[in-house]
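No value in this document is a laboratory result; all are computed from the given coordinates. Note that the coordinates shown come from a computational prediction; the quantities given were computed from them, not determined experimentally. As a convention, Cβ positions derive from the backbone with ideal geometry for all residues, glycine included, and neighbour counts pool all protein chains shown.
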Amino acid sequence: MPEGNEIHRWAERHAAAFAGRPVKVDGPQGRFTDAAVIDGRKLVRVMAVGKHLGYDFGKDRILHVHLGLQGDFTEGSGPLLEVRGALRLRMWNAAAVKRPAEPGVSKRHGWYSEDDGTGHVAPKKVAWVELRGPMDCSVYTQAMWEKLLKRLGPDPLNGDGPEKMIAKVRKSKKAIGALLMDQTVAAGVGNIYRAELLYRARLNPFTPGNEVEEKRLRSIWKDAGGLMKAGMVDRRIVTTRASDRPHRRGKVLKEEAHYVYRRQGRECFVCGTKILTKVMAGRNLFWCPTCQAGKKQEE
Ligand SMILES: [Zn+2]
């Protein structure tokens with residue numbers, strides 16, 4: 001599932017491509033029935049909070065998109081492509097789609113771990129985007145959007161402080177690994193960041209929230225902000241420090257981008273212990289039992 005870095009990145013790109021102008025919108029698949037409500041209206045701005053996108057077409061017309069596990073955007077320059085697959089939504093700039101395509105750049109982006117930004121269309125040259133497989137794509141009223149914001153925890157990429165997150169974690173007996181996945185605790189942190197943030201903090205994922213010191217939570221929050229911002233440059237999430245990678249120089253290899261995420265059974269870069277995995281909060285959690293030792297090891 002895309003995490004906050006990618007959602008904020010889409011918001012920036014789509015704002016650069018479409019905001020301030022009338023935007024054409026349709027829903028070829030037939031499942032997005034509200035297209036007419038926003039089609040041809042001026043897009044005021046694109047908002048991102050946690051894993052949610054909000055395309056503001058004026059009061060009570062906010063296009064809400066949550067990509068969920070499967071959802072993804074394709075973007076390109078030049079004319080619209082022929083409709084293919086379960087195309088939930090298309091958004092385009094009527095003037096830009098009349099211009100010829102930039103050579104070789106109308107395409108689906110690679111998946112996060114391989115994609116280093118090579119060959120992406122410059123945001124201002126994006127003429128259209130296509131959306132497939134989202135968990136939600138619907139038009140929200142202002143009240144619905146505000147209700148969503150109220151429900152979500154602070155977002156490290158929106159400059160929010162950690163106070164609300166700290167308060168929730170410190171009064172919970174749930175494992176910190178589960179709490180970090182809870183969008184009402186911290187918005188935008190997903191499965192990769194929770195595993196990597198806990199590793200970088202050398203914190204055992206099974207530690208109950210109320211046993212994690214405030215100081216530690218503050219430093220995790222600060223780390224989250226930096227790592228997630230770095231992950232907005234392209235779709236790639238790199239959490240390892242150069243000094244910890246087997247190959248310290250040159251391009252970061254895919255298998256050396258993370259300390260623990262999807263590294264189960266392999267040796268920890270720092271201590272050599274085999275990385276473990278277990279389902280927690282509905283997703284596979286990964287951790288190093290030595291670097292992240294704790295008394296609650298495998299409850
Ligand atoms: Zn280790």
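If the cut-off is 18 Å between C-alpha atoms, which aspartates and glutamates fall inside it for residue 168, apart from same-chain ones fewer than 8 positions away?
Residue 168 reaches 155, 160, 182, 211, 213, 214.
Take the alpha-carbon positions of the stretch 4-149, form their convex hull, and give its projected area averaged over all directions (one quarter of the hull surface) in nm².
Mean projected area of the Cα convex hull: 8.1 nm².
Over the chain, with a Gaussian network built from C-alpha contacts below 10 Å, which listed residue (100, 22, 205) shows the highest mean-square fluctuation?
Highest fluctuation of the listed residues: 100.
Starting from the amide H of residue 285, placed 1.01 Å from N in the peptide plane, find each other amide H under 5 Å away whose residue is 5 or more places distant or on another chain.
278, 279, 280
Any idea what the dipole of the chain comes to, in debye rounded to 20, about its Cα centre with Lys/Arg Cβ at +1 and Asp/Glu Cβ at -1?
Charge dipole, the chain, about its Cα centre: 320 debye, nearest 20.
Under Stokes-Einstein, with the Kirkwood radius over Cα pairs standing in for Rh, what whole-number D in µm²/s applies to the stretch 163-227 at 20 °C and 1.002 mPa s?
190
From the backbone phi of the stretch 33-45, what are the Karplus-calculated ³J(HN,Hα) couplings (6.51 cos²θ - 1.76 cosθ + 1.60, θ = phi - 60°) in whole Hz, Gly and Pro given as x?
Coupling constants for the stretch 33-45: 8, 9, 3, 4, 5, 10, 4, x, 7, 6, 7, 6, 6 Hz.
Do the sum for the chain: with -39,500 (n - 2.57) for every DSSP H run of n ≥ 4, divided by all residues, what is the mean residue ellipticity at 222 nm, to the nearest 500 deg cm²/dmol?
Value at 222 nm, helices only: -6500 deg cm²/dmol.
At what distance in angstrom do the alpha carbon centres of the stretch 68-104 and the stretch 212-257 lie from each other?
32
In straight Cα distance, which aspartates and glutamates are under 12 Å from residue 251, not counting same-chain residues fewer than 8 positions off?
Straight-distance partners of residue 251: 114, 116.
Using alpha-carbon pairs under 8 Å, 6+ residues apart, how would you state the relative contact order of the stretch 155-287 in percent?
Reported as a whole number, the value is 24 percent.
Return the distance in nm (one decimal) between the two label points of a simple spin-label model at residue 210 and residue 41, each offset 7 Å from Cα along Cα→Cβ.
About 4.6 nm separates the two model spin labels.
Given the options 128, 49, 149, identify the residue whose Cα lies farthest towards the positive end of the charge dipole of the stretch 4-149 (+1 on Cβ of Lys, Arg; -1 on Cβ of Asp, Glu).
Toward the positive end, the furthest listed residue is 128.
Taking a cut-off of 30 Å, what percent of all Cα-Cα pairs in the chain are separated by more than that?
Result for the distance tail: 36 percent.
Need one word for the stretch 172-299: rounded, prolate or oblate. Basis is the Cα gyration tensor (sqrt eigenvalues a ≥ b ≥ c); a/c below 1.5 gives rounded, then a/b vs b/c decides.
Oblate, since a/c reaches 1.5 and b/c is not below a/b.
Which lysines have a Cα lying under 30 Å from the Cα of residue 174, excluding residues fewer than 8 positions away in the same chain?
Hits, sequence-local ones excluded: 51, 147, 150, 164, 215, 222, 229, 274, 278, 295, 296.
Give me the percent relative contact order of the chain, please, defined on Cα pairs under 8 angstrom at least 6 residues apart.
Over the chain, the number comes to 18 percent.
For residue 81 and residue 266, FRET efficiency with R0 = 41 Å and r from the beta-carbon atoms, rounded to 0.05?
Here the calculated transfer efficiency is 0.55.
If you average 1/r across every pair of different Cα atoms in the stretch 52-108 and take the reciprocal, what Kirkwood value do you get, in Å?
13.4
Tell me the label-point distance for the pair residue 101, residue 70, using the 7 Å Cα-to-Cβ offset, in nm and rounded to one decimal.
It works out to 2.5 nm between the two label points.
Could you give the size of the charge dipole of the stretch 4-149 about its Cα centre, using +1 on the Cβ of each K and R and -1 on the Cβ of each D and E, expressed in debye and rounded to the nearest 20?
That gives the stretch 4-149 a dipole magnitude of about 460 debye.
Restricting attention to the stretch 177-227, which GluC sites (Glu not before Pro) occupy a DSSP loop and are surrounded by at most 11 other Cβ atoms within 10 Å?
213
Using a Gaussian network model of the chain whose springs link C-alpha atoms within less than 10 Å, name the residue from 270, 23, 238 with the highest mean-square fluctuation.
Looking only at 270, 23, 238, the biggest GNM fluctuation is shown by 270.
Of the candidates 271, 288, 137, which one comes out as most mobile in a Gaussian network treatment of the chain with C-alpha springs shorter than 10 Å?
Maximum among the listed residues: 271.
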